Amino acid sequence: MGIKTVKLEEYKRTEEDKKAYSWCINHGVKIGMLAAGPGFDNATWKIRIVANNKEMISPGEYRKHEILPKLFEFYRFYYNKHNK
């Protein structure tokens, strides 16, 4: 019996996404996803952000086709906020 996993839908990153991601990594802004429930077949995630020694977890949950675009939306938000 193998472990069932949920495969995320592919997300093609833009040059702006890559620049924002790189900026966040280099400036200590950590953005990732957490399983919203127990088990290996979890189909929803929450977003966790650690910035300026503060941790925030999204109140909403995202499905496999929503999570990666939302992650990169947050990367772009932090990049744009600090690079006006």
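The values are calculated or read from the model by the stated rules, or taken from the named source; none is laboratory data. Remember, it's a predicted structure, so these values are computed and weren't measured experimentally. Positions of Cβ are generated from backbone atoms using ideal geometry, with glycine treated the same way; all protein chains shown enter the neighbour counts. Ligands, DNA and RNA are excluded from the accessible area calculation, which covers all protein heavy atoms including side chains. Shrake-Rupley method; radii C 1.70, N 1.55, O 1.52, S 1.80 Å.
Each row is one residue, and each column tells you yes or no for (1) in a helix (DSSP H, G or I); (2) farther than 23 Å from Asn26 by Cα.
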residue	(1), (2)
Val50	no, no
Glu55	no, no
Pro59	no, yes
His65	no, yes
Leu68	yes, no
Glu73	yes, no
Asn80	yes, no
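Exactly one of (1) open to solvent by less than 50 Å² (accessible area, probe 1.4 Å); (2) more than 15 Å from the chain's Cα centre (by Cα); (3) not aliphatic (A, V, I, L, M) is unmet by Gly39. Its number?
(1)
Condition test on Ser58, is it of a type in the set (S, T, N, Q) and within 12 Å of the chain's Cα centre (by Cα)?
Taking the combined requirement at face value, the residue satisfies it.
Using beta carbons and a limit of 6 Å, which pairs, at least six apart or on different chains, have the first residue in region 9-28 and open to solvent by 100 Å² or more (accessible area, probe 1.4 Å) and of a type in the set (Lys, Arg) and the second one at pLDDT 95 or above and in a helix (DSSP H, G or I)?
Hits for this filter: zero, empty list.
Suppose the filter is modelled with pLDDT of 95 or more and among the basic types (Lys, Arg); does Lys18 pass it?
Criteria met by Lys18.
Give me the pairs: first residue in region 45-59 and β-branched (Val, Ile, Thr), second residue part of a loop (DSSP other than H, G, I, E, B), beta-carbon distance under 6 Å, and six or more apart or on different chains, which are they?
Once the first residue is β-branched (Val, Ile, Thr) and sits in region 45-59, its partners that are part of a loop (DSSP other than H, G, I, E, B) give Ile47/Ser58.
Do you know which residues across region 44-84 are open to solvent by less than 80 Å² (accessible area, probe 1.4 Å) and acidic (Asp, Glu)?
Glu66
Gly32: part of a loop (DSSP other than H, G, I, E, B) and either of a type outside the set (Phe, Trp, Tyr) or open to solvent by 70 Å² or more (accessible area, probe 1.4 Å) (or both), yes or no?
Criteria not met by Gly32.
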